[in-house]
Amino acid sequence: MEILGVYTIIKNMEKLKQLLVTLDIDLFQPKDRQQRNLIQSNLNSWKIVVWSFWLLTLIWLFFYNFSPILDKTSKEYRLPFRAWYPYNTETSLQYELIYLHQFIGITYLTIISINVDTLIAALNMYTGAQLDIICDNVRKFHNSETDTPADANRKLTNCIHHHRELLKFVEFTNNFYNWVIFLQFLVGGVSIGLAVFQLTVVSVDEIQVFMYCWFGNEIEVKVV
């Protein structure tokens, strides 16, 4: 799953670069302290979810990798996960080398999974933040005491242009990660079903799916 996710991201790397360039244009930047606070609020929510995900995943990773040592089944040459090898793994040197290989492989794939998931959550978070900025601009597009009708018309035009550019950004974002999310929901759903009695594994998988649902729902709420 993680390998497919990385392949999809590498394949769409140009799209990701374009998304980052779009986020850096002046139109998408906060104009005052209030708008910076709006973005910071979204960013803080993202950080809380990401750190929770990291914590749960690292706890799971520790117990998964060291379970043969903790329950002393390493004396029986049990590996972190079952796998078939075309040679005897129940000899001293080969067992340690295979254990190290599995340890590195699981850790590497876990880090990849975390970074892919948090990247997608970050893109959704910034989409929600842009909606907050647009709403704030609409609320303040006309000040009867200081703005002329021409000023109000210019600000309203900028709001419409910002909204159209954001729609393009959202469409580009969906094209970038739609297959990654599809695979994540597919594999995550199967994993949760198979591991229903393994609470640690369920917690990690639920957080993975939760990030997509949470930040996607935030966009839906702000659009409404």
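Readers should treat all values here as calculations from the given coordinates under stated rules, not as data from a laboratory. Keep in mind that what you see is a predicted model, and the values were worked out from it rather than measured. Because the Cβ atoms are built from the backbone with ideal geometry, glycine has one as well, and the counts that use them run over all protein chains shown.
Values for this structure:
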{"quantity": "Choice from Ile25, Ile114, Ile134 with maximal GNM fluctuation in the chain (Cα, 10 Å cutoff)", "calculated": "Ile25"}
{"quantity": "Listed peptides 63-73, 78-88 by packing density, highest first (mean Cβ within 10 Å)", "calculated": "63-73, 78-88"}
{"quantity": "10 Å-binned pair-distance histogram of the stretch 86-196 (Cα, whole percent)", "calculated": "11, 23, 20, 17, 12, 8, 5, 3, 1"}
{"quantity": "Kirkwood hydrodynamic radius of the chain, from inverse mean 1/r over distinct Cα pairs, in Å", "calculated": "20.4"}
{"quantity": "Cβ charges +1 (Lys, Arg) and -1 (Asp, Glu), total dipole of the chain, debye", "calculated": "140"}
{"quantity": "The chain: angle of helix 33-70 to the longest principal axis, Cα-based, in degrees nearest 10", "calculated": "0"}
{"quantity": "Which listed pairs, of Lys31/Lys222; Lys17/Lys140; Lys47/Lys222; Lys47/Lys155, have C-alpha distances above 21 Å, in listed order", "calculated": "Lys17/Lys140; Lys47/Lys155"}
